[in-house]
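The values are calculated or read from the model by the stated rules, or taken from the named source; none is laboratory data. All values derive from a computational prediction rather than experimental measurement. Neighbour counts run over all protein chains shown; Cβ positions are idealised from the backbone, glycine included. Note: accessible area is taken over every heavy atom of the protein model, side chains too, but ligands, DNA and RNA are not part of it. Shrake-Rupley method; radii C 1.70, N 1.55, O 1.52, S 1.80 Å.
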Amino acid sequence: MHSLTDNALMLQVKSGDLGKLGLLYERHKKRLFGFFYNMNGNASLSEDLVQNVFERMLKYKHTFTGDGTFTAWMFTTARNVNYDHHRKHKPTLHQNDVTTMEYKLQDPEDVERGMIKEDENSLLQQALKKLAPEKREILVLSKLKEMKFSEIAQVLGCSEGAAKVKAHRALKDLRTVFMQLETG
Amino acid sequence: MQQEKFETKMMEYLAGELDQEGRAEFERVLKDYPEYKDEFDSLCHAWERMDETTVPEPSERMNESFFEMLHAKTQKDKAKPKDLWKGVRSLYYFLWRPQLAYGMLLLTIGLGVGYFLNPGKTDDSVRTVAVSDAETVEVREQLVLTLLEQSSANKRLQGVNEVNKIQKADEKVIKALLQTLNKDANVNVRLAAIEALINYVENPMVREGLIQSIVHQESPIVQITLADLMVALQEKKSVESFKTLMRTKELDSSVKQKLENSIDQII
């Protein structure tokens, strides 16, 4: 069964057996799609980003050493894909836009500028969208994607302790947003 | 407990990363320090509310785009040796400069003379190696088939292990392995047959054979191994076989639970 673990399959992809990526895709497509959907709330965009992750895995397959877990490597790639997408689609800011920018940073509605809003029925989705992206990301990874803090630490490039502290801060912010939404 | 340590422990507790002892200790702290308990309750509430999230199913379009992309990359990858040949050719032209020409000419003449003084031998030896390789595979396959028919389980196990030494087993051997998986009286031999067949899961005949063998299995360990394999392969066609197995055979309760979980994971 060892030859069918995620790490073994990715090492086979690395050595040229590209077809094995199909198995990895079947195993992880829903998890990745869920990650992007929780991050941006847009199903169509999330599907495109899943595709980008697998394309990037093929392109950078030589960087997979099999030392860490495949999941951590995959989510590191997913995170970079997500970051690159939002960087490319961010509106250009000019010097005289500074005041507007400050205003935008304070306005939670504008944090999600550029994202198509679908299905905002649940309070949770609204609350998640009001969190800063890096805070939303750590909560999605730890709670919804059930990743261990040791893996999250690899994805974020920090220590395990730091990942836990970040998750705690993010959870506190989420609690505050919940309270704001419920009272006002 | 210090505030920062408490926060870290709380995240471990919520994420289910504490062992039984760690959980008990954390719960003791909550009991002894009401201020920590209040903070924990409010954050735990927010954490649990995250379970309310709903994610839609990705569309068929995502699968289509992925497999198109994979197919295109695989084709491109197959075409790569040509690019490599192009590289070798350009290197050859680069080296083919006037100052090297005389040296290469002399070397060619030397090789030509050597070839004519020593005719035929190299060709024969290469041919002999190729023929003997093919013969080895054939002999090994024959050995596998013979060993699998022996009455001793050890011999049959040895037969299955011989398959792993063959780079690409032919249809006859695959069929014999599937037969072993379905009919062999010894559980270890059956398990070894599954391990050997794993190397051929891309062959539709093997996948189909594995699925069909599910309903023939009596041993819990074989049933669980096949369930794990089908989950790893995400083989949807196996769901029906597992359901039939659960309907028709009296299963151990933990095996039944395991099969139900596997079906959920496959769907």
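Here the label points at residue A:159 and residue B:146, each 7 Å from Cα along the C-beta direction, are separated by 6.5 nm in the simple model. Note on surface exposure: A:83, A:60 rank A:83, A:60 by accessible area, highest first, 1.4 Å probe. Only one residue of B:179, B:263, B:139 has its Cα farthest out toward the positive end of the dipole of the range B:123-266, where Lys and Arg carry +1 and Asp and Glu -1 on Cβ, and that residue is B:263. In this label model, residue B:183 and residue B:41 are separated by 6.8 nm, measuring between points 7 Å along each Cα→Cβ vector. Largest to smallest in accessible area, the residues B:47, A:73 fall in the order A:73, B:47 (1.4 Å probe, all protein chains included). For the range B:226-235, backbone phi angles converted through the Karplus equation (6.51, -1.76, 1.60; θ = phi - 60°) give residue-by-residue couplings of 5, 4, 4, 5, 5, 5, 4, 8, 6, 8 Hz, Gly and Pro being listed as x.
Mind checking the angle between helix B:238-248 and chain B's longest principal axis? C-alpha axes, 0 to 90 degrees, to the nearest 10. Rounded to the nearest ten degrees, it is 60. Solvent-accessible surface (1.4 Å probe) assigned to residue B:32 amounts to roughly 110 Å². Only aspartates and glutamates eight or more places from residue B:168 in sequence, or on another chain, were considered; those with a Cα closer than 20 Å are A:17, B:133, B:135, B:138, B:141, B:195, B:202, B:208. A simple count of charges around residue B:143, restricted to other residues whose Cβ falls under 14 Å of its Cβ and scoring Lys, Arg +1 and Asp, Glu -1, yields -1. Bridging of residue B:243 to lysines at a Cα separation below 22 Å is possible for B:183, B:256, B:258, once same-chain residues fewer than 8 apart are set aside. Rounded to the nearest 10 square angstrom, residue B:23 shows an accessible area of 80 square angstrom against a 1.4 Å probe. With a 10 Å cut-off around each Cβ of A:145-158, the average count of Cβ atoms from other chains is 1.
Computed from Cα atoms, the angle from the helix B:20-32 axis to the main principal axis of chain B rounds to 30 degrees. Working from label points 7 Å from Cα in the Cα-to-Cβ sense, the residue B:249 to residue A:180 distance is 5.8 nm. Count Lys and Arg as plus one, Asp and Glu as minus one, and take only other residues whose Cβ is under 13 Å from that of residue B:202; the net charge is then 0. Rolling a 1.4 Å probe over the protein heavy atoms leaves residue B:216 with an accessible area of roughly 90 Å². Taking a sphere under 12 Å around the Cβ of residue A:172 and counting the other residues whose Cβ falls inside, with K and R at +1 and D and E at -1, yields a net charge of +1. Peptides B:194-206, A:19-31, B:106-118, ordered by how many other C-beta atoms sit within 10 Å of their residues on average, highest first, read A:19-31, B:194-206, B:106-118. Against chain B, whose longest principal axis is taken from its Cα atoms, helix B:98-117 shows a tilt of about 70°.
Remark: mean inter-chain Cβ contacts per residue of B:195-202 equal 2, using a 10 Å Cβ-Cβ cutoff to other protein chain atoms. Remark: the residue B:27-residue B:137 segment gains 33.2 nm on full extension, using 0.36 nm per residue and subtracting the alpha carbon distance. Phi angles across the range B:54-71 convert, under the Karplus curve 6.51 cos²θ - 1.76 cosθ + 1.60 with θ = phi - 60°, into 3J(HN,Hα) values of 10, 10, x, 6, x, 7, 5, 4, 5, 4, 4, 4, 5, 5, 5, 4, 5, 4 Hz, Gly and Pro given as x.
Note on chain B: helix-only mean residue ellipticity at 222 nm, from DSSP H runs of 4+ residues weighted -39500 (n - 2.57) and normalised by residue number, equals -25500 deg cm²/dmol.
The phi-based Karplus calculation (6.51 cos²θ - 1.76 cosθ + 1.60; θ = phi - 60°) puts the 3J(HN,Hα) values of the range B:138-148 at 4, 5, 5, 5, 5, 4, 4, 4, 5, 4, 5 Hz, whole numbers, x for Gly and Pro.
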